[in-house]
Structure formats: C-alpha cells, structure tokens
Amino acid sequence: MKILVTGAKGMLAHDLIPVLREGHDIIAPAEEDLDITRRDVVHQAMRENSIDLVVNCAAYTQVDKAEEERGKAFLVNGLGVQNLALVCQDRGIPLCHISTDYVFDGTKATPYTPFDNTNPINAYGESKLAGEKYIQWIMNKFYIVRTSWLYGKNGSSFVSTILRLAREKQKLEVVNDQRGSPTSTLSLSRGINKLIESGAYGIYHFTDDTGGGISWYDFAGEIIRQSGSRTGVLPTTTDRFPRPAKRPSNSVLDISLFAAVTGYHPVPWKGALEEYLGQG
Ligand SMILES: NC(=O)c1ccc[n+]([C@@H]2O[C@H](COP(=O)([O-])OP(=O)(O)OC[C@H]3O[C@@H](n4cnc5c(N)ncnc54)[C@H](OP(=O)(O)O)[C@@H]3O)[C@@H](O)[C@H]2O)c1
C-alpha cells in the first residue's frame, strides 16, 4: 500500500515509519509540508500521491498546556482530524487514527474496553474525543487506536524524565494512585502495522501488556531497576503534585479485542522497556 503518515517528526511516527516501510511505500511529510488543519493542503497531498491509506500521528499532545490552549488543541485534534476524515472518505480510503486513554474519566474499577462510554476530564481528552467523533460521523472505513503512557526514542516521556531525575537525585517520589499501561512506540508501531493489514475497521485499544495495569510508581521502579540506577523511589499521591489538567485515576485499557482481531498479542511491558533501554 502507499501510506501517508502525518506528524512525521513526532515520537510515534519516528518508530512507525521504518516499521511500515518494511512492507509499504511511505510518504511522511513534516508539519511544515502537511498541516492537517489546512484541508486544501491535505487534499493536495492525497491527490498528488495517490494514497491508499492514511495513518494520523499528528496531534496536539501537551496535556497540561491544553487547559489554557483549548482552541489550539481542538483545532489540531478536532478540526484537523475532521479534515483528514473528509478527504479520506471523499477518496474512499481508510484512515488509521491514534487516540488516547484520556477519553475516559478513570472512575471504572476494571480496564476500559472499546465499548465503554467515554467521558474525558481534561481539555486534551475532550479534543481527542472530538477527533474520534468526527471520524465516526464522517467515515465508514477507519481504525481508531487508543493507546496510553507512550514512550519512545524521539521525544520526551515519563521514561526519559525518570532516567534524567535518576542521574540528578538520590530519591524520587512518584504517584501510586494512578493506574495505566505503558506502551513503547515500537510496540505500538508493530501493532498498527498488523491492524492496517486486517481490514477489520473499528475502535481498538493497544498498550503493552501489564496484565491489568500498573501505577506510575511501579513503572518508575522498573525503569530505575533496569537502568541499574541506585536512586530510591518512594510512593506518593496525586493530591501532593497538583497539575493544571486532571488525570484519570484508572486509565488501564483492555487490549483483548485487538489481539483477537489481529492475532497479534502485545508484549509484556517489562520486555518492551528492556528493548527500549537496549536501544542505547
Ligand atoms: N505521548 C503519549 O503519552 C500518548 C498517550 C496516548 C495517546 N497518544 C497519542 O498518540 C499519538 C502520537 O503521539 P506522540 O507522542 O507521537 O506525539 P508528538 O510527539 O507530540 O507528535 C505529534 C506530532 O504532530 C505534529 N503536529 C502538531 N500539529 C500538527 C498539524 N497541525 N499538522 C501536522 N502535524 C502536526 C507535532 O509537531 P510539533 O511538535 O511541531 O507541534 C508532532 O511532530 C497522538 O495522537 C497522541 O494523542 C500519545
């Protein structure tokens, strides 16, 4: 397939492009060349390149800043996605769109399935939900892949922050009352590669396998252990670290549908972290 990947300079796209290149012809313009908020530009890119499928990695991803930049977040995550949906639908090609665990409010006691009701509690989550809705209103051939706690080589993430803090401090306090599942961008890229070959359109959840979720404290402890650092990690609570955007306390995603449909089971999270750290 000839695939257009948007947001080419981002953390996910950096790993996704080489994975997709193994079996497909990839066109991956940076934001300067393909701004998804410009429908004319999106139209032109698709027309000129006879694209078979689009993977949207472009997004406004600054969760705290989105509280004061709501308009900007909705422009990219809502209207930008509407543009992609309109053009893809018009051309009869599928769109694979990446979304987030933050479309949920975190009040459920068990992992969220793709069939659970959404109810975002921050502006970023609302803007991402707007994008999902546009796709569902406009398109009939789409994949929406919700993921969580992403980390990868080409961006700053919880992993890179903990590694930096471990070099600077003897002890770290990390929240133990928010649960979710980390996901390496390499794992997600392999998952997306499988999904887009399935033709099984729909909404999916994909994370590395935590067997039901871990806390940020658990994650930090494992990062420290695997990196060989001697820094101590202490559990703390969210109310001791107030931030502009609220976070769901449970954002664990149920990944069983993804595995059932694609036959591809996400890898255990500790192994994914080992692979990431082994990349140097
Ligand atoms: N990171 C996470 O923990 C996480 C968790 C769950 C879901 N997700 C989702 O996963 C996807 C990939 O995230 P990521 O971490 O790879 O994000 P990222 O590193 O911020 O990449 C997004 C890319 O999109 C670009 N972009 C912004 N506005 C654009 C526009 N109007 N047109 C074209 N490109 C534009 C950004 O450029 P600039 O940097 O120059 O603005 C950036 O290069 C996103 O949909 C995100 O919502 C991420």
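Any number yet on Rg/Rh for the stretch 144-225, C-alpha, Kirkwood?
1.05
Tally the DSSP beta bridges in the chain and give the antiparallel ones as a percent, rounded to 5.
Of all bridge pairs located within the chain, approximately 5 percent are antiparallel.
Each label point is 7 Å from the Cα along the Cα-to-Cβ direction; what then is the distance between the points at Asp116 and Arg91, in nm?
With each label point 7 Å from Cα toward Cβ, the separation is 3.5 nm.
Sorted by accessible area (1.4 Å probe), largest first, how do Cys96, Cys57 line up?
Descending accessible area places them as Cys57, Cys96.
How high is the relative contact order of the stretch 61-159? Use alpha-carbon pairs under 8 Å, at least six apart in sequence, and give a whole percent.
Once normalised by length, the contact order is 39 percent.
Heavy atoms only, probe 1.4 Å: what % of the accessible area of the chain goes to carbon and sulfur, would you let me know?
Carbon and sulfur atoms account for 47 percent of the accessible area of the chain.
Give the angle, between 0 and 90 degrees and rounded to the nearest 10, that separates the Cα long axis of helix 81-91 from the longest principal axis of the Cα atoms of the chain.
40
Check Val233: other-chain or 5+ apart residues with amide H under 5 Å from its amide H, H built from backbone geometry?
Sorted by chain and number, the residues that satisfy this are Leu172.
Normalising by the residue count of the stretch 121-280, find the relative contact order in percent from Cα pairs under 8 Å and 6+ residues apart.
It comes to 33 percent, rounded to a whole number.
Express the Stokes-Einstein translational diffusion coefficient of the chain in µm² s⁻¹, to the nearest whole number, given a Kirkwood radius over alpha-carbon pairs, 25 °C and a viscosity of 0.890 mPa s.
Approximately 128 µm²/s, per Stokes-Einstein.
Hey, got the dipole for the chain? About the Cα centre, +1 on K and R Cβ, -1 on D and E Cβ, debye to the nearest 20?
380
State which stretch of the chain is the longest one without any exposed trypsin sites (Lys or Arg not before Pro), exposure meaning a DSSP loop state and at most 12 other Cβ atoms within 10 Å.
The longest uninterrupted stretch comes out as 1-168.
Can you list the residues, at least 5 places off or on another chain, whose amide H is less than 5 Å from the amide H of Ala58, using H built in the peptide plane?
Under 5 Å from the amide H of Ala58 lie the amide H atoms of Thr6, Gly7, each far enough along the sequence or on another chain.
Using 0.36 nm per residue, how much length does the chain from Asp64 to Thr238 gain when fully extended, once their Cα-Cα distance is taken away?
So the chain would gain 61.2 nm between Asp64 and Thr238.
Output the antiparallel fraction of DSSP beta bridges having both residues in the stretch 135-280, as a percent to the nearest 5.
Percentage antiparallel, nearest 5: 15.
What's the FRET efficiency of Asp33 with Val261 using the Cβ-Cβ distance as r and R₀ = 30 Å, to the nearest 0.05?
0.35
Against the longest principal axis of the chain, how steep is helix 11-21, in degrees 0 to 90 to the nearest 10, with axes from Cα atoms?
50
Determine the gain in length on full extension of the stretch Glu48-Lys141; use 0.36 nm per residue of separation and subtract their C-alpha separation, reporting nm with one decimal.
31.3 nm
Which one, Leu253, Gly228, Gly202, is farthest towards the positive end of the dipole of the stretch 178-280 when Lys and Arg carry +1 and Asp and Glu -1 on their Cβ?
Value computed over the given set: Gly228.
Sort out for me the Cα centre separation of the stretch 168-183 from the stretch 244-269, rounded to whole Å.
19
The values are calculated or read from the model by the stated rules, or taken from the named source; none is laboratory data. Predicted model only: the values in this text are computed from it and were never measured. Glycine gets a Cβ as well: all are built from the backbone with ideal geometry, and neighbour counts include every protein chain shown. Side chains included, ligands, DNA and RNA excluded: accessible areas come from the protein's heavy atoms. Shrake-Rupley method; radii C 1.70, N 1.55, O 1.52, S 1.80 Å.
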